[in-house]
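Have a look at the structure below, then the notes.
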Amino acid sequence: MSRIMEATLAGMTRSRSPKFGHYVGEFLTPGIGHILASARCDYVFFDMEHSGFSFESLKQAVRYFEAAGLPVIVRSPSKDYDVIARICDAGAEGIMVPMIKDAAEAAQMVHHIKYPPVGGRGVALGIAHDNFLSGGVPVSERLENANKRTTFFALIETSEGAENADAIAATAGVDCLWVGHFDLTASLGIPGQFENPVYLTTLERIIQAAKNHNRSLGRLVGSPKEGLADLKQGFDFCCYATDSALYQGALIAGISELRNAINDG
C-alpha cells in the first residue's frame, strides 16, 4: 500500500483500510518527518506522556512532520484542559488522551478539543494551528474547519476503560479506540501476560466495541508479526515500533554480528 499523501487523520478514521505509522519518543531531528515519509509511513505517533518532549519541542515537531506531509497524533501527558488545548494550538491534528475510563470522560476530552458550538476550547486564531492565517476567512468557518480536522484517539488502557469501551466508542467525537496493552495488563493484575485469557477476553471486548460503532482501532506493535495479527482482528491503525527500540535493536544486531565474527575468527 502506498503512503496516503497529505491525508488527514479525520479522513483516515473514516476508513477501515490499514494505516501504518511509527512512534517518536526519543529522536527528534529536522529530518525525522522526511525519514518517516520515505519509509512510507501514513502518520506519526508523537509521545509527550513517556518522553521528555516539551511544548517547544512539540511546536518544532509539528512543522517537521507537516513539511513531510505526515499528520501527527500527539499523546498528551494528562487529561487537563490547559495541556490538551496547547497541544491543539501547536497544530496537532490528532489528540490521544491516556486512561480514558468512561463515556463521560471521553465526552469531556471532546469538549476540550473542539471549538464551540461542539466544545469549549478557547479560541486563538492566527497561530500555529491555522498556519498563522491573518484573516480573510470568517471566524465561524475557521472554527468549523478546525473542528473537522481535530481527531480524538481515546486510549483504553485500564480495566475500567475496557469495561466501558462500548459506551466510550458510542460517544460523539470519539474517532478511534487505541489499546494501551501494557497498562491494560497491569490494570488487570497480569502485567505483560498478553496470552492470558483475561487479557484476550478484555481485548476482544474493545475490538467489538470499535466494530459496534464503526470506530477506528489502533495499537503500538513491536513486530510486523504483531501488526499482521492485529489487522486480522480488525485493527486499522498499526503503529510499528518505538524509535528507540528500533534503533537499539538494529545497533545490537550489527555490533553483535561484528563481535561474533571476530570471536569466531
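FYI, it's all coordinate maths here, none of it is from the lab. All figures in this text were calculated on a predicted structure; none of them were measured in a lab. Every residue, glycine among them, receives a Cβ derived from its backbone with ideal geometry; neighbour counts consider all protein chains shown.
Would you mind calculating the gained length between ARG86 and ILE262 on full extension (0.36 nm times residue separation, minus the Cα-Cα distance), in nm to one decimal?
58.1 nm
What whole number of Å gives the distance from the Cα centroid of segment 213-240 to the Cα centroid of segment 53-131?
23
Output wanted: per-residue J couplings in Hz (rounded whole) for segment 203-211, from phi through Karplus 6.51 cos²θ - 1.76 cosθ + 1.60, θ = phi - 60°, x for Gly and Pro.
4, 4, 4, 5, 4, 5, 4, 5, 5
Under 5 Å between amide H atoms, partner at least 5 residues away or on a different chain: which partners does LEU155 have, H built in plane at 1.01 Å?
Result for LEU155 returns VAL97, MET99, ILE100, TRP178.
Using a ≥ b ≥ c from the Cα gyration tensor of segment 1-158 (square roots of the eigenvalues), is it rounded, prolate or oblate, where a/c under 1.5 gives rounded and otherwise the larger of a/b and b/c decides, a/b for prolate?
Details: a/c = 1.39, a/b = 1.16, b/c = 1.20.
Verdict is rounded for segment 1-158.
What are the ³J(HN,Hα) values, in whole Hz, obtained from phi via the Karplus relation 6.51 cos²θ - 1.76 cosθ + 1.60 with θ = phi - 60°, for each residue of segment 145-152 in sequence order, with x given for Gly and Pro?
5, 5, 5, 5, 7, 5, 10, 9
What list of ³J(HN,Hα) values in whole Hz, one per residue of segment 110-120 in order, does the Karplus curve 6.51 cos²θ - 1.76 cosθ + 1.60 (θ = phi - 60°) give from phi, with Gly and Pro shown as x?
So the J values, rounded to whole Hz, are 4, 4, 5, 7, 9, 7, x, x, 6, x, x.
When a/c reaches 1.5 or more, the comparison of a/b and b/c decides; with that in mind, is segment 1-86 rounded, prolate or oblate per its Cα gyration tensor?
In terms of gyration-tensor shape, oblate.
Just from its helices, what would the mean residue ellipticity at 222 nm be for the chain, if runs of 4 or more DSSP H residues each count -39500 (n - 2.57) and the sum is divided by every residue, rounded to the nearest 500 deg cm²/dmol?
Details: 12 runs with 122 residues, N = 265.
Value at 222 nm, helices only, nearest 500: -13500 deg cm²/dmol.
What spacing in nm lies between the two simple spin-label points modelled at LEU251 and GLN208, each 7 Å away from Cα in the Cβ direction?
Once both label points are built, they end up 4.4 nm from each other.
Scan the chain and report its longest stretch carrying no chymotrypsin sites (Phe, Trp or Tyr not before Pro) that are both in a DSSP loop and have at most 15 other Cβ atoms within 10 Å. It would help to have the intermediate numbers written out before the result.
Working: sites that count: PHE27, PHE132, PHE194.
For chymotrypsin sites (Phe, Trp or Tyr not before Pro) (loop position, at most 15 other Cβ atoms within 10 Å), the longest site-free span of the chain is 28-131.
Please name which of PHE53, PRO71, LEU28 has its Cα lying farthest along the dipole of segment 1-78 towards the positive end, using unit charges on Cβ (Lys, Arg +1; Asp, Glu -1) and the Cα centre as origin.
After comparing all options, I get PRO71.
By its C-alpha gyration tensor, with a ≥ b ≥ c as the square roots of the eigenvalues, how is segment 9-264 shaped: rounded for a/c under 1.5, else prolate for a/b larger than b/c, else oblate? Intermediate values should be presented prior to the final figure.
On the way: a/c = 2.03, a/b = 1.22, b/c = 1.65.
Oblate, because a/c is 1.5 or more while a/b does not exceed b/c.
In debye, nearest 20: dipole of the chain around its Cα centre with unit charges on the Cβ of K, R (+) and D, E (-)? Numbers along the way, then the final one.
Working: 23 positive and 30 negative charges, 125 e Å.
I would put it at about 600 debye.
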